[in-house]
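Data block below; observations after.
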Amino acid sequence: MSDASPRLTDVGYIRDLLDRHGFHFSKKLGQNFLINPSVCPRMAEACGAAPDTGVLEIGPGIGVLTRELAHRAGKVVSIELDDRLPPVLAETLAGQDNVSFVWGDCMKLDLPAIIAEQFGDRPVAVCANLPYYITSPIVMMLLESRLPVENITVMVQKEAAQRLCAAPGTREAGAVTLAVQYYAEAQTLFGVSRGSFLPAPNVDSAVIRLTIRKEPPCHVQDERQMFRLIRAGFNQRRKTLLNSLTAAGFGKAAIAAALEAAGLSATARAEELTLTDWAAVSDALGA
Ligand code: SAM
């Protein structure tokens, strides 16, 4: 960064910038901006940003991470919902020619089309400090839409990181953990304290990296049915699968037969099953 560049992690600079633009933080949009100068460079490195790569960012805020990405990647495309931010970003990222913005809700945009149009054949990573109010839906949307990306490197609330990256069979593991495992290899990279943000949230955070798998770790005939079973099992995780899946509308006799065919006990609970077990139950249950 040149000496003339504004320090986007400097609280005095940020307050002055936002005052001049009449901008107030929106809690509803999960606006906690990073002010710890060591975090964005680490995130940009962790996602593998390099001159021949592209990076898709969600939620640039005032552009603190965007700028670190732009210094390393060939191209950065950043999606922002808050229509008060264009003039702010025009100022903070002035002269950064390899950054472009898409204004809108990342949950409603056609991300595969944006990636194809903007990045062509470049390898692409997703890198973002995600808004807390919508972390898991964004992660699941990114995975389920099978974006052609190498990895998803994101800051999330610490508890969400524990859930997303949990080892199978542990207390933290849930339906979302198995879904993540199906699409990616998940890793927690480092923790980030609440004091690293302006305003400071009531929770700590962590940066995780989901490295997208080329092939799923197990084969299943009907993915959607397997995930319906997984969600039903974890919705009532203390119950046996026979009871939780029956309560979710699957036939009791069919579930009992499927568990047996998959080599599982009738008293098994959701957290005891691996992805391969869920695939076997789903396949045994048939369409
Ligand atoms: N990247 C900045 C940083 O690290 O300081 C800001 C991160 S802040 C936690 C989340 C950002 O996501 C905000 O800029 C917010 O306006 C934006 N945002 C919230 N919901 C969004 C959505 N559905 N689609 C796109 N951007 C969204």
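The values are calculated or read from the model by the stated rules, or taken from the named source; none is laboratory data. No experiment lies behind these values; they were computed from the predicted model shown. Here Cβ is always computed from backbone atoms with ideal geometry, including for glycine, and neighbour counts include all displayed protein chains. The protein model used for the area step is the full one, side chains on, heavy atoms only, and it has no ligands, DNA or RNA in it. Shrake-Rupley method; radii C 1.70, N 1.55, O 1.52, S 1.80 Å.
Table: residues versus (1) among the acidic types (Asp, Glu); (2) assigned by TED's automatic domain parsing to the domain that holds Ala44; (3) within 15 Å of the ligand (Cβ to nearest atom); (4) open to solvent by 50 Å² or more (accessible area, probe 1.4 Å).
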position: Asp121; (1), (2), (3), (4): yes, yes, no, yes
position: Leu130; (1), (2), (3), (4): no, yes, yes, no
position: Pro137; (1), (2), (3), (4): no, yes, yes, yes
position: Cys165; (1), (2), (3), (4): no, yes, no, no
position: Val180; (1), (2), (3), (4): no, yes, no, no
position: Pro199; (1), (2), (3), (4): no, yes, yes, yes
position: Val203; (1), (2), (3), (4): no, yes, yes, no
position: Val207; (1), (2), (3), (4): no, yes, yes, no
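Scanning the stretch 27-54 for residues that are open to solvent by 40 Å² or more (accessible area, probe 1.4 Å) and of a type in the set (S, T, N, Q) yields Asn36, Ser38. Each residue in the stretch 48-77 was checked for being in a loop (DSSP other than H, G, I, E, B), in contact with a Ser or Thr (Cβ under 7 Å, 6 or more places away or on another chain) and either within 12 Å of the ligand (Cβ to nearest atom) or among the β-branched types (Val, Ile, Thr) (or both), and 3 of them qualify.
In the set Val102, Val126, only one residue is assigned by TED's automatic domain parsing to the domain that holds Val77, open to solvent by less than 20 Å² (accessible area, probe 1.4 Å) and within 13 Å of the ligand (Cβ to nearest atom); that residue is Val126.
For the stretch 265-287, filtering for residues that are more than 32 Å from the chain's Cα centre (by Cα) and open to solvent by less than 70 Å² (accessible area, probe 1.4 Å) leaves 2. (1) in contact with a Gly (Cβ under 8 Å, 6 or more places away or on another chain); (2) open to solvent by less than 10 Å² (accessible area, probe 1.4 Å); (3) of a type in the set (Asp, Glu): which one isn't true of Glu80, the others all being true? In the conditions (1) in contact with a Gly (Cβ under 8 Å, 6 or more places away or on another chain); (2) open to solvent by less than 10 Å² (accessible area, probe 1.4 Å); (3) of a type in the set (Asp, Glu), Glu80 misses (2) alone. Residues of the stretch 139-156 that are within 14 Å of the ligand (Cβ to nearest atom), of a type outside the set (Val, Ile, Thr) and buried (at least 20 other Cβ atoms within 10 Å of the Cβ): Leu142, Met155. Condition check: more than 9 Å from the ligand (Cβ to nearest atom), among the acidic types (Asp, Glu) and either at positive phi or free of Cβ contacts under 8 Å to residues at least 40 places away in the same chain (or both). Does Asp83 satisfy that? Against the criterion (more than 9 Å from the ligand (Cβ to nearest atom), among the acidic types (Asp, Glu) and either at positive phi or free of Cβ contacts under 8 Å to residues at least 40 places away in the same chain (or both)), Asp83 qualifies.
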